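J.: One structure, as structure tokens, below. Some questions next.
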Amino acid sequence: MIETTNVNADANAVVNIQTRDMPWEPTGVPGVTRKVMERVNDPRKGRETALFKMEPGASFPQEQLTERLEFFVLDGSVSDGLGEYGRHTFVRNVPGATIQLSSAEGCTLYVKRRVPIRPTGDQRFVIDSQTAQWMPFPHRGATVLHLYRDPHGIEVARIGQVHPDKKIPSHDHAMGEETLVLDGYLSDEYTTYEPGAWFRMPIGVPHAPFTGSPGCLMLIREGDLVW
């Protein structure tokens, strides 16, 4: 359930957070801490994006979802009661599903809750990025794993591996964009985004990203800022 305190809730604001510098905060669940990057408490456009750290043996209470809940396993492994998922697996659970997150070995998760933008069209799926098929993305100098595109054409998510020493033409995002840097680094005319950086570009804000010698692995989402 999305909590009541708003965090970085202005959809028109650029947000750039180095999550590695944020302290882990208690959640009230034994063995589970979190870092909240954004939260919007609203019955129509509510959303929360956070990192969760689960110690070995930690478990959330069982929950019937009232929002969509997605998570990406950054390290370790986790179960939601419907399956067991390892490093760099992406899971999307839909409203109405009953889940219980637990971790025998411990894990770190990138978690998003979102009130559905449309009342229909959500579906559950699981994608293991280490075994799924990646596709070339030559005009961006990258390879990409498409996670989903919703049937209404609003929300998309993907993991992108931008190759070393590539320049991406200046562009803006008609649906807004948020990015978590997983490995390597990305720069643009504003700053450099290193591993652990989470940044959100509002609708219509341009930037011209480029990589250095390591390239950059990123989890990218578009569409959540269409309110």
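J.: Does a label point 7 Å from the Cα of Ala208, set along Cα-to-beta-carbon, have any residues of the stretch 154-189 with amide nitrogen under 13 Å, and which are they?
T.: Zone members listed by number: 167-172, 188-189.
J.: Give the Rg (one decimal place) followed by the Dmax (whole number) of the chain, computed from C-alpha coordinates and expressed in Å.
T.: 16.9, 47
J.: Compute the label zone of Thr192 within the stretch 9-32: residues whose backbone N is under 18 Å from the point 7 Å along Cα-to-Cβ.
T.: Under 18 Å, as judged by backbone N against the label point of Thr192, lie 16-21 of the stretch 9-32.
J.: If one computes the Cα centroid of the stretch 40-55 and of the stretch 84-100, what distance in Å separates the two points?
T.: If you average the Cα positions of each part, the centres end up 15 Å apart.
J.: So, one more: For the stretch 148-217, with every protein chain kept in place, what is the accessible area per residue (1.4 Å probe, Å²)? If you can, show how the numbers build up before the last one.
T.: Working: 2900 Å² over 70 residues.
Value returned for the stretch 148-217: 41 Å² of accessible area per residue.
J.: Here's something else I'd like to know. Pop out the ³J(HN,Hα) list for the stretch 11-20 in order, Karplus 6.51 cos²θ - 1.76 cosθ + 1.60 with θ = phi - 60°, rounded to Hz; leave Gly and Pro as x.
T.: Whole-Hz 3J(HN,Hα) from phi for the stretch 11-20: 5, 8, 9, 6, 10, 9, 10, 8, 5, 5.
J.: Which sequence of Asp165, Asp172, Asp128 reflects their accessible areas, 1.4 Å probe, from the largest down?
T.: On the way: Asp165 110, Asp172 85, Asp128 55 Å².
Largest accessible area first, the list is Asp165, Asp172, Asp128.
J.: Let me ask you something else. Taking each pair of distinct Cα atoms in the stretch 70-178 once, what is the resulting Kirkwood hydrodynamic radius in Å? Please report the intermediate quantities before stating the final value.
T.: Numbers: mean 1/r = 0.0637 Å⁻¹.
Kirkwood radius, the stretch 70-178: 15.7 Å.
J.: What does the accessible area per residue of the stretch 5-81 come to in Å², with a 1.4 Å probe and no ligands, DNA or RNA counted? Display every interim value, and only then the final one.
T.: Values: 3640 Å² over 77 residues.
Accessible area per residue: 47 Å².
J.: What are the residues whose amide H is under 5 Å from the amide H of Ala197, where those residues sit 5 or more places off or on another chain and H is modelled from the backbone?
T.: When sequence neighbours closer than 5 places are left aside, the close amide H contacts are Thr19, Val181.
J.: Still on this model: Across 5 Å bins from 0, what is the distribution of all Cα-Cα pair distances for the stretch 58-100, in whole percents?
T.: 6, 22, 31, 28, 11, 1
J.: How much of the accessible area of the chain, probe 1.4 Å, is carbon plus sulfur, in whole percent?
T.: Numbers: 5310 of 10360 Å².
C and S atoms contribute 51 percent here.
J.: Which parts of the stretch 198-227 would a label at Gln130 reach, counting a residue when its backbone N lies under 20 Å from a point 7 Å out along Cα-to-Cβ?
T.: It comes to 216-220, nothing else.
The values are calculated or read from the model by the stated rules, or taken from the named source; none is laboratory data. Just so you know, these numbers come straight off a predicted model, no measurement behind them. Backbone-built Cβ (ideal geometry, glycine too); neighbour counts: all protein chains shown. Only protein heavy atoms, including side chains, enter the accessible area calculation; ligands, DNA and RNA are left aside. Shrake-Rupley method; radii C 1.70, N 1.55, O 1.52, S 1.80 Å.
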